[in-house]
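What follows is one structure encoded as structure tokens, with my remarks underneath.
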Amino acid sequence: PADVVAFGRAHLGTGLLADPQAMWAPQVDIPNPYTLGKQWGVGWILDEWQGHRVVSHGGNTIGQAAMLWVLPGTETVVCALTNGGHTAAFHQALATELFAELIGVSVPPVLGPPAEPFQADVERYTGVYQRAGARITVSARDGRMSMIIEATGALAALQPPVELDLVAVDETTFVGRPEGDPQWLSAVFYELPDGSPYVHLGVRATPKIA
């Protein structure tokens with residue numbers, strides 16, 4: 001973790017990198033801003049907490065998860081390297097407690113179900129979405145929508161399918177929670193300018209193929 005923190009600090013000053021802050025310029029809006037941030041820079045995920053700029057990056061594989069947060073305005077850098085467990089929920093809890101204690105900044109809560117039920121047109125989102133390494137099958141019954149997320153390729157034998165029921169937050173945004181997991185996941189359905197349908201889940205864009 002100390003090495004990753006040093007990497008984050010290298011982006012706060014000058015010398016090691018010619019213009020590190022150029023990497024913080026927004027390049028694209030993220031269709032699903034509820035997972036890690038609202039925009040992508042050059043390699044960095046960009047967000048804002050209570051008026052403070054946040055640049056971050058995460059990564060995970062089987063049994064491992066990592067998260068790096070940098071708040072340039074306060075020169076605060078935090079890294080968490082985690083093995084096993086509900087890593088997303090742990091990172092959220094850690095960040096919430098630590099940033100409040102260190103610099104008095106509140107981390108936005110994870111998006112969950114709305115206070116009042118929202119009725120969305122779920123039938124239009126049903127189908128199969130697929131990208132390299134993952135297949136997502138969305139089905140609907142009696143106005144309720146569910147999703148099965150399957151790993152494909154080399155990791156398929158190591159990662160069992162995940163099934164979750166989805167709750168509508170608005171017409172395009174849904175949340176779901178796998179059984180036994182304390183953390184809600186958000187999925188946003190959207191279209192490209194040419195009308196191609198996609199779902200954005202887990203910081204990944206996945207096109208609809210059937």
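The values are calculated or read from the model by the stated rules, or taken from the named source; none is laboratory data. Predicted model, so just to flag it, every value in this text is computed and none were measured. No Cβ is skipped: glycine too gets one built from the backbone with ideal geometry, and neighbour counts run over all protein chains shown. For the accessible areas, the whole protein counts, side chains as well, though only heavy atoms, and no ligand, DNA or RNA atoms are used. Shrake-Rupley method; radii C 1.70, N 1.55, O 1.52, S 1.80 Å.
Taking a point 7 Å from the Cα of Ala115 along the Cα-to-Cβ direction, the residues of segment 169-210 with backbone N closer than 19 Å to it are 169-171, 175. Reported to the nearest whole Å, the Cα centre-to-centre distance from segment 112-149 to segment 81-101 is 27. With R₀ fixed at 30 Å, the C-beta to C-beta distance from Glu179 to Ala2 puts the FRET efficiency at about 0.25.
Model label sites at Glu75 and Ala205, defined 7 Å from Cα along the beta-carbon direction, differ in position by 3.7 nm. Applying 1/(1 + (r/R0)^6) with r as the Cβ-Cβ distance of Asn83 and Ala140 and R0 = 22 angstrom yields a FRET efficiency of 0.05.
Each Lys and Arg contributes +1 and each Asp and Glu -1, all at the Cβ; summed about the Cα centre of the chain, the dipole is approximately 420 debye.
By the Kirkwood approach, averaging reciprocal distances over each pair of separate Cα atoms, the chain gets a hydrodynamic radius of 18.6 Å.
How big is the equivalent ellipsoid of segment 137-209 along its three axes, where each semi-axis is √(5λ) from the Cα gyration tensor, reported in whole Å from largest to smallest? The partial results should precede the final answer.
Working: eigenvalues 81, 61, 26 Å².
They are 20, 17, 11 Å, listed largest first.
Relative contact order of the chain, taken over Cα pairs closer than 8 Å and 6 or more residues apart, is 14 percent. Once the 1.4 Å probe is applied to the protein heavy atoms, segment 13-71 comes out at 54 Å² accessible per residue. The shape of segment 75-140 comes out oblate: with a ≥ b ≥ c from the C-alpha gyration tensor, a/c is at least 1.5 while a/b does not beat b/c.
Basic side chains Lys and Arg get +1 at the Cβ, acidic Asp and Glu get -1 at the Cβ, and with that the dipole of segment 9-101 about its Cα centre reaches some 140 debye.
If you roll a 1.4 Å probe over the heavy atoms of the protein chains, what accessible area per residue do you get for segment 130-191, in Å²? Kindly include the intermediate steps, with their values, before the conclusion.
Details: 3460 Å² over 62 residues.
Using a 1.4 Å probe on heavy atoms only, each residue of segment 130-191 averages 56 Å².
Under the simplified labelling scheme, the Thr96-Asp165 pair shows an inter-label distance of 2.3 nm, with each label point 7 Å from Cα along Cα→Cβ. Specify whether the C-alpha gyration tensor of segment 1-67 places it in the rounded, prolate or oblate class, a ≥ b ≥ c being the square roots of the eigenvalues: rounded for a/c under 1.5, otherwise prolate if a/b is larger than b/c and oblate if not. In terms of gyration-tensor shape, oblate. Under 16 Å from a label point set 7 Å out along the Cα-to-Cβ vector of Leu12, the amide N atoms of segment 52-80 belong to 52-57, 68-80.
In degrees, nearest 10, range 0 to 90: what is the angle between the Cα axis of helix 87-103 and the longest Cα principal axis of the chain? Tilt of helix 87-103: around 40 degrees. More than 12 Å apart: what percent of Cα pairs in segment 56-95 qualify? Everything past 12 Å amounts to 56 percent. Each of Val107, Ser139, Leu201 was placed along the dipole of segment 103-210 (beta-carbon charges, centred on the mean Cα), and the one lying farthest toward the positive end is Leu201. When the Cα positions of Gly59, Phe90, Leu164 are compared along the charge dipole of the chain, Gly59 comes out farthest toward the positive end, with charges on each C-beta of Lys, Arg, Asp and Glu. Sparse packing (at most 12 other Cβ atoms within 10 Å of the Cβ) combined with a DSSP loop state is found for the following GluC sites (Glu not before Pro) in segment 47-134: Glu75.
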